[in-house]
Amino acid sequence: MGTGLNPSYFIGLSAALFAIGMYGALSKRNIISVLISIELMLCAVNINLVAFNKFLTPDAFLGQIFAIFIITVAAAEVGLGLALIIAISRRRETNNLDDLNWLRW
Amino acid sequence: MVEFALNHAWLVPLLPALAFVIIVFLTQRWKRLSSLVSITAMLGSFVIASIIAYGVFTNHEFIEKSLVYSLKWFGMEGFNINVGVMLDPTSSMMLFMVSLVASLIQIYSTGYMKGDPQYSLFFAYLSLFGASMLGLIISSNLLQLFVMWELVGLCSYLLIGFYTFKVSAREAAKKAFMTTRIGDFGMLLGILFLQIKFGTLDLVELAAAIPMFEQFGVSLGLLTLIALLFFMGPVAKSGQFPLHVWLPDAMEGPTPVSALIHAATMVVAGVYLIGRTLFLYVQVPGAMEVVAAIGAFTALFAAAIAITQREIKRILAYSTVSQLGYMMLALGVGSLSASMFHLWTHAFFKALMFLAAGSVLHALHNKADVWDMGGLIKKMPITGWTFVVGGLAIAGIPPFAGFWSKDEILVVTMEYAKHGHALGYVLFGMAAFTAFLTAFYMWRMIFLTFFGKEKAENHPHESPWSMTAPLIVLAVMASIGGLIGTPWANIWGEWINFGEVHHAEPALGLMLLSVILALAGIGLAYTLYCKDGEKKTARKLAENYQSLYQLSYNKFYIDEVYAWFTQKIVDGTARVTYYFDIYFVDGIVNGIAAVTRGSGKGLRYLQTGSMQTYALVFFLAILVITVVLAFGSPSLASIMGGVK
Amino acid sequence: MENVYELIAFILLGGMVLGSALLVVTLKNLVHSVLSLIVTFIAVAGIFLLLNADFLAAVQVLVYAGGVCIMVVFGVMLIQRSDIAESNPVNWRFGFAALLGGGIFILIGMFAARSQWMIAGTEVPKDTVGTFAPILLTDFVIPFEVAAILLTVALTGALLLVKEVKANGDRS
Amino acid sequence: MTFPILTTTLLAPILAALIIVFLPKENDKLCKSVAAVGTGIALALSLYVYFGYDQSVGGLQWVDFGQPVPWIKDLGVTWYMAVDGLSLPMLLLTNLIGFTAVFASWNVTHRAKELMILLLVLIAGVMGTFIAQDLFIFLLFYEIVVIPIYIMVVIWGSSKRVTKEYAGMKLTIYLLMGSAFLLAGVIALFVNSVNITGIADMSFEGLAQVAFPEQLQIYLFALLLIGFGSLLSMWPFHSWSPDGYAGAPTAVSMIHAGILKKIGGYGLIRLAIVVLPLGARFWAPYMAVLGVIGVAYAAMGALAQKDLKYVVGYSSVSHMGYVLLGLASLGIIGINGAVAAMFAHGVMAALFFSMIGFIYERTHTRWIPDMGGLAHYTPKLAVGFMMAGMASLGLPGLITFIPEFTIFVETFKVFGLLAVIGIAGIIITALYVLRAAANTLFGPARPEFSHIKDLKGPEMVPLIVLGTVLVVGGILPSLLFDMIDSGVAPLLAHINDVLQIGGR
């Protein structure tokens, strides 16, 4: 190939996306916002996997298959997560994550 | 038949033991039947014991070599215990005496205990006692003997506390057990020493081994220590100073018990035990001196207390202590013969006096103070005159039994003194003075109880035949029982002795002294308590020597000292230990728990319940760990890959 | 020359991804965030295309940009009570979070930049679906089926969770 | 002998527990009867095994399935159930006490079904520790034991000086702490044995053959000593014992004082002393000192008590001091005595606790000054109490005397004056036992107790069974000693070999 594009580029991209997602997941008050930040992080992982698939094991397709599973699970997670959020916000009348602290001491 | 009896001597203790089991498990509901079972068994034992005695005392071989047979009880490498039977003249005599006295007292008890709700149980206990006492006598092994020794102690405990509703009985029982326990502790140590040093507890083997004690690596000092430790057991059991305190209190039990256990049989077990192990004591003159000194001192000490006591049974109890002191003294000066002889005669006259006292108490409904009695001999002739026989015997008036045995003790003590033991003269003086005191306090009691004016408030009546018959038998024994051991025809000394038989010449001088002392005592008692109807002189004497009187009446405050020691020192230590336990030891335990709980309490505030904070910490940790791994250690960095 | 185009495409797509992702986490309005999330997902799908993962790119667009985002918008509408314009505030941790994110990016970036890659010489097969479908249905058939079950369970669970709750607290 | 009779014995209570699970809760008499049958079968089987054991052959017999059945191969764990002269008395003791404990709880009506289930599980657990010849199985059963005890104390216990929750927690934490030390020691033991021999073998026999270096033995023995010692209520790890017994219900006190403590002594011999003889030689003097302190200290502690269960609780600490002392002598007489003393104390303590339990059920007090004159109303109960008390103070003719004497013989020889302090404990023991008995049973009859009934029916079972053992064991000590000797002698021979070869 000899291309200028090597895995470092994609890993850099995915690291940046992951960091952004993490920032969102840690700093947002809104529960849904946290949820979508987590989706960003998952996406970053997917980029990583697919990049490795292309550059390291193109024949085995392991990376892509992993990514497919991650997308599947993520979809399920978003569905369940949203259901939980709706159920919680009905009972607790809040969507601020810091108010959901009844598991503390 | 003689052969059978000799070879089946274990039947003697076994029969009462069976009676105990039968009464407890089968016949407890039927009172007459229970007593019948018990008496039949004891009489059976008596018959066998008589045959054994006949067999032994007709065969001179047994003097030199005792009949021993045994079987293994339990064992392991280096420690084997056999139990068995050891018959020699001493044990045969004891078997005969104990089974005879026990039979008589059981017959007596059918009258004395009549109407008691725990009648059956009483006979069960008596049977158990009989079994253990007879077992003790025939034991061929020190451990077996110790077991029986403790069992008689248990029976004594149960019987002293027989009237369980009485607090005094309960406390007396406890005291008896505790005091003897202290003695047993020493005795146990002695037994352990013997087992460890000589590798056996078998009496025959020990008798062979101990004279060669140096071959077993035992020094004379150690052997003395062993002997003294071992002596603690008899000191407690036979009521020797300073562990005599339980014996007078033990009179809380029913009177037949006092007669059987605390006069005739169990308390002499200590004397018997020392007699049995005399082979040990003759090796250690130091220990012998201690035995003799304690014996003589106890004799005098108890007699000094007895002269001021008021309760009839207490006087008898102190008299028992005093007479036991005589026996110890005889052993201490090395005469098994004299000691056993006094044991033999004492058993009869002391049992007689206790039973007669019981008869009096029975008639007066347990009024015990001799000052409240008087003139009883008219209403209770059999009781009274048999008591007088006992009094003559114990005071040492010839030809009654006590005279011969007491005289024998005085003789051997004198001989001991003459053989270069300066201590002997002191002992002799003490013994002689005790003889005078004995005659005095015993006749003081007799005069106060049976002679003098009758008290109007008492309505005495003679006891039933079941009680008087044993009195008569015992009175006969107390009269003539000593004739087998007179200095002129000392059959006794021929059979029962230790070491070489020596025929002491009749010491007429000593006999005369002893008779004079006895008569002086009786005379003094007569002057003070019988002739003088108002007892003015006696009262005046007591007032004039108030401090001495109080000292004697309060038993030299020994009990108070022990009570103080137990309550303050022992219980105090116990409380301190307990507080140490719950505040210090437990404090550490609870302290550790408190630290755990406290740190948990502090740390739980880290648990904010905020997921984002957790996640923040989580990622931060990952970052830190990664940095540390990547840049901290080159070897770890290589694991991370890539970073060179 | 192809490399140059690839590079340009990478830079453009990467820029889109990062830019829209930053918008996702910084916009004040949650609905706007979600909209920019769609842009992110589509850009990521472009990255997938660049990485010869055409099927995955399609899935990404369908599942994420389509399904997930619509679901999230509905979620927002169902729970949002206050002003929608101020619906996406940050909490006190944002400073720490930003520092941490930066730190992680720098760290991973450093590792990525300094790594020596052992590039496989071969190319990704052109017919991606045709190649990996057999793998998915042979070697990975159990995870595949489990994933199917998971989706069913998630669906049912979600339904159960959001069912109306009666006044007395019992589920109807 | 391929029929797994030991496993069957073990399963009998478990099976009974399973049956009880399906019985109606209201019918507590039925539950108790099933429990009685289950433990009765176990008792009968263990008696059969005890008297069927060939003492002249010795060694491990009645091996289940004929040989150890491999279980976890990588760890060398096998299902190895067998008994020797050391295990058999303990097995018999477990079933004696288990059987009587069911009857001692006969009057419990509060959640009787659950009580019986837990009791049966407990019994099976304890039994397992004694018949397992595999270290791993041993530990497994030991852990099974801990859980039911906590539940039983907290539900059926009673709060006096300390609350039952505190008592249960203390008991459990101590047991778990002990087992933590134990686990550390055992893991170290196993890892080192694999390093030395290259074979993974968890059986006691196998471990005993491994020549561990002396320094390692010393460290490991200390761990095991603390572990088993806290189970044996070795001073100063004893303070769980009085509080725990006072809080626990009768059955738990019986089983705990009667058998659970003995796991400590059993483990010390079976594992610590036999596998690590050099370590044992190093620590023996310290063990003896701790044992003597335990004897004297706990006896004094018992003297200060006014609660009956505390008296017996402290007394059992004191008696375990004798066991420790006997073990520390490392001689055959002393260890025989210690094992026999464990058996004797088990019977005695179980009888004592069952009688105290009956007294408490009747008078609703255990406070000694509040009692007195009970012998008038409950003569049979008084007999049981006195028998237990007399056994406690080591009265000859009862089962406890000969073991104590045997211990004294060896320890007096080995430790001299130190042992004398221990022997002096018999005086204090007599004092507190007689005081407790006198103030509880004797003295004037109290009218407030005139309504109470004597023992009758099933309540007589503990008295009859345990009382018989007390007396028979006292009259025929060889029944017990020959068995123990056949088990201990080979172990001691092995230890002496090691000490001579590996010694200095």
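For the range C:14-22, the condition of being within 20 Å of A:GLY63 (Cβ to Cβ) and either facing chain A (nearest Cβ under 7 Å) or of a type in the set (A, V, I, L, M, F, W, C) (or both) holds for at least one residue.
Residues of the range D:472-487 that are more than 9 Å from chain B (Cβ to nearest Cβ) and surrounded by 21 or more Cβ atoms within 10 Å (Cβ to Cβ): D:GLY473, D:MET483, D:SER486, D:GLY487.
Against the condition surrounded by fewer than 23 Cβ atoms within 10 Å (Cβ to Cβ), farther than 15 Å from A:ILE71 by Cα and modelled with pLDDT of 90 or more, how does C:ILE11 come out, does it pass?
Details: surrounded by fewer than 23 Cβ atoms within 10 Å (Cβ to Cβ): yes; farther than 15 Å from A:ILE71 by Cα: yes; modelled with pLDDT of 90 or more: yes.
It is true that C:ILE11 is surrounded by fewer than 23 Cβ atoms within 10 Å (Cβ to Cβ), farther than 15 Å from A:ILE71 by Cα and modelled with pLDDT of 90 or more.
Find the residue count for the range B:144-193, including only residues that are part of a helix (DSSP H, G or I) and more than 7 Å from chain D (Cβ to nearest Cβ).
Of the range B:144-193, the ones part of a helix (DSSP H, G or I) are B:144-160, B:167-193.
Now restrict to residues that are more than 7 Å from chain D (Cβ to nearest Cβ): B:144-145, B:148-149, B:152-153, B:155-160, B:168-169, B:171-173, B:175-176, B:179-180, B:183-184, B:186-187, B:190-191, B:193.
The total comes to 28.
You will find that of B:PHE584, B:PHE580, B:PHE556, the residue that is more than 14 Å from chain A (Cβ to nearest Cβ), at pLDDT below 85 and assigned to a helix (DSSP H, G or I) is B:PHE556 and no other. Selection of the range B:274-291 for residues being surrounded by 24 or more Cβ atoms within 10 Å (Cβ to Cβ) and within 20 Å of B:HIS244 (Cβ to Cβ) yields B:ILE274, B:GLY275, B:VAL291.
Every condition in (1) under 19 Å from C:LEU155 (Cα atoms); (2) small (Gly, Ala, Ser); (3) more than 9 Å from chain A (Cβ to nearest Cβ) holds for C:GLY75 except the one numbered (3). For the range C:1-13, the candidate set comprises residues that are part of a helix (DSSP H, G or I) and more than 10 Å from chain A (Cβ to nearest Cβ); within that set, the residue that is farthest from C:ALA85 (Cα to Cα) is C:TYR5. Could you check, for the range D:372-393, whether at least one of its residues is in contact with a helix residue (DSSP H, G or I) (Cβ under 6 Å, 6 or more places away or on another chain), under 26 Å from B:ILE182 (Cα atoms) and free of Cβ contacts under 8 Å to residues at least 12 places away in the same chain? For the range D:372-393, residues in contact with a helix residue (DSSP H, G or I) (Cβ under 6 Å, 6 or more places away or on another chain), under 26 Å from B:ILE182 (Cα atoms) and free of Cβ contacts under 8 Å to residues at least 12 places away in the same chain: absent.
For every residue, the table says whether it meets (1) over 30 Å from C:PHE140 (Cα atoms); (2) buried (at least 24 other Cβ atoms within 10 Å of the Cβ).
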site: A:ALA19; (1), (2): yes, yes
site: A:ALA25; (1), (2): yes, yes
site: A:ASN30; (1), (2): yes, no
site: A:ILE38; (1), (2): no, no
site: A:CYS43; (1), (2): no, yes
site: A:ASN46; (1), (2): no, yes
site: A:VAL50; (1), (2): no, yes
site: A:LEU56; (1), (2): no, no
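Of the residues making up the range D:438-460, those that are assigned to a helix (DSSP H, G or I) and under 20 Å from D:LEU351 (Cα atoms) are D:ALA438, D:ASN439, D:THR440, D:LEU441, D:GLY457, D:PRO458, D:GLU459, D:MET460. Given (1) over 13 Å from the mean Cα position of the chain (by Cα); (2) within 8 Å of chain A (Cβ to nearest Cβ); (3) surrounded by fewer than 17 Cβ atoms within 10 Å (Cβ to Cβ), where does C:GLY101 come up short, assuming only one miss? (3) is the only condition that C:GLY101 fails. Of the residues making up the range D:274-297, not a single one is within 14 Å of chain B (Cβ to nearest Cβ), closer than 30 Å to D:THR363 by Cβ, crowded, with 24+ Cβ neighbours inside 10 Å and within 18 Å of the chain's Cα centre (by Cα).
Which residues, counting only those in the range D:308-322, are over 14 Å from D:PHE237 (Cβ atoms), among the β-branched types (Val, Ile, Thr) and either within 16 Å of the chain's Cα centre (by Cα) or surrounded by fewer than 24 Cβ atoms within 10 Å (Cβ to Cβ) (or both)? Across the range D:308-322, the qualifying residue is only D:VAL312.
Within the span defined as the range C:112-124, one or more residues are assigned to a helix (DSSP H, G or I), within 7 Å of chain A (Cβ to nearest Cβ) and at pLDDT below 85.
Being over 12 Å from the mean Cα position of the chain (by Cα) and either among the β-branched types (Val, Ile, Thr) or more than 9 Å from chain A (Cβ to nearest Cβ) (or both) is the filter here; which residues of the range C:48-59 pass it? Within the range C:48-59, C:LEU49, C:ASP54, C:ALA58 qualify.
Hey, among A:SER8, A:SER33, A:SER27, which residue is farther than 23 Å from C:TYR64 by Cβ and within 7 Å of another protein chain (Cβ to nearest Cβ)? Before the answer, list the steps.
Numbers: A:SER33 fails: farther than 23 Å from C:TYR64 by Cβ; A:SER27 fails: farther than 23 Å from C:TYR64 by Cβ.
On inspection, the qualifying residue turns out to be A:SER8.
Applying the condition of being surrounded by fewer than 12 Cβ atoms within 10 Å (Cβ to Cβ) and either touching a residue at least 24 places away in the same chain (Cβ under 8 Å) or facing chain A (nearest Cβ under 7 Å) (or both) to the range C:78-98 and asking which residue is farthest from B:ILE625 (Cα to Cα) yields C:ALA85.
Within the range A:60-72, the presence of at least one residue that is modelled with pLDDT under 85 and facing another protein chain (nearest Cβ under 7 Å) is confirmed.
When the helices (runs of 4 or more DSSP H) confined to the range B:1-77 are screened for residues that are more than 26 Å from the chain's Cα centre (by Cα), those reaching at least 3 such residues are found at B:2-7, B:31-57, B:61-64. Scanning the range C:117-161 for residues being under 12 Å from A:VAL73 (Cα atoms) and among the small types (Gly, Ala, Ser) gives a total of 3. The set of residues from the range A:73-84 being more than 7 Å from chain C (Cβ to nearest Cβ) and either farther than 26 Å from A:LEU100 by Cβ or crowded, with 20+ Cβ neighbours inside 10 Å (or both) comprises A:ALA74, A:GLY81. Count of the range C:60-72 residues, restricted to those that are buried (at least 16 other Cβ atoms within 10 Å of the Cβ) and more than 10 Å from chain A (Cβ to nearest Cβ), is 2. Evaluated against (1) in contact (Cβ under 8 Å) with a residue 40 or more places away in the chain; (2) surrounded by fewer than 20 Cβ atoms within 10 Å (Cβ to Cβ), B:LEU128 falls short on exactly one condition, (2).
Can we say B:PHE230 is buried (at least 24 other Cβ atoms within 10 Å of the Cβ) and aromatic (Phe, Trp, Tyr)? I'd like the intermediate steps shown before the answer.
Working: buried (at least 24 other Cβ atoms within 10 Å of the Cβ): yes; aromatic (Phe, Trp, Tyr): yes.
Yes; evaluated as a whole, the condition is true for this residue.
Between B:ALA317, B:ALA330, B:ALA304, B:ALA292, the distinction of being more than 18 Å from B:PRO234 (Cα to Cα), assigned to a helix (DSSP H, G or I) and at pLDDT 85 or above belongs to B:ALA304 only. Scanning the range C:30-45 for residues that are farther than 18 Å from C:LEU62 by Cα and either within 9 Å of chain A (Cβ to nearest Cβ) or surrounded by fewer than 16 Cβ atoms within 10 Å (Cβ to Cβ) (or both) yields C:LEU30, C:SER33. The residues of the range D:150-166 that are among the β-branched types (Val, Ile, Thr), touching a helix residue (DSSP H, G or I) at 6+ places or on another chain (Cβ under 7 Å) and within 21 Å of B:ILE582 (Cβ to Cβ), listed by number, are D:VAL153, D:VAL162.
The values are calculated or read from the model by the stated rules, or taken from the named source; none is laboratory data. Fair warning: this is a prediction, and the values are worked out from it, not measured in the lab. Virtual Cβ from ideal backbone geometry, glycine too; neighbours counted across all protein chains shown.
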